[in-house]
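Just so you know, all these numbers are worked out from the coordinates, no wet-lab data involved. Predicted model, so just to flag it, every value in this text is computed and none were measured. Backbone-built Cβ (ideal geometry, glycine too); neighbour counts: all protein chains shown.
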Amino acid sequence: MSQIVKYEMMVLLRQEFNDSELKIWGLNYAKVLKKLNSCQISVISRGKRDLAYSIKGEEKSKFIQVDFLSIPKYLEEFVADLKFDSNVLRFLILNKKN
């Protein structure tokens, strides 16, 4: 049986998002995580920041932090969704050890 793991994800989104669009984006992905049996989902906006280098032609990005608990086998499907989202410039998912 798989064990539940705590994850922290940082997502860099295109800078064109306004606050309401950012909330909708976060809620949509929180719903996707919920469907994949994740729990304790927390979405935090970290604001708009300058990038150290250009990513996909963008010099600035909106940063979103998502914390959640999930079974590792469900993470692959979630990562596939992120890879095909044209608004996502980059993302990183870390396994948070307790």
Query raised in the report: ³J(HN,Hα) across the stretch 6-11 via Karplus (A = 6.51, B = -1.76, C = 1.60, θ = phi - 60°), whole Hz, x for Gly/Pro?
Result: 8, 10, 10, 10, 10, 10
**Report entry** Radius of gyration and Dmax over the Cα atoms of the stretch 38-79, both given in Å
**Finding:** 13.8, 35
**Report entry** Length-normalised contact order of the stretch 5-95 in % [C-alpha pairs under 8 Å, at least 6 apart]
**Finding:** 48 percent
Report task. Using only Cα atoms, find the angle between the long axis of helix 72-83 and the longest principal axis of the chain, and express it within 0 to 90 degrees, rounded to the nearest 10. Result -> 20 degrees
Query raised in the report: Just in the stretch 1-78: which GluC sites (Glu not before Pro) are loop by DSSP and have at most 15 other Cβ atoms within 10 Å?
Result: Glu16
**Report entry** Neighbour cut-off at most 12 other Cβ (10 Å), DSSP loop, trypsin sites (Lys or Arg not before Pro), the stretch 1-84
**Finding:** Lys56
Report summary line: Residue-ordered couplings for the stretch 19-24, obtained by feeding phi - 60° into the Karplus form 6.51 cos²θ - 1.76 cosθ + 1.60 and rounding to whole Hz (Gly and Pro as x), are 4, 5, 5, 5, 5, 5
Query raised in the report: In square nanometres, what is the average projected area of the Cα convex hull of the chain?
Result: 6.4 nm²
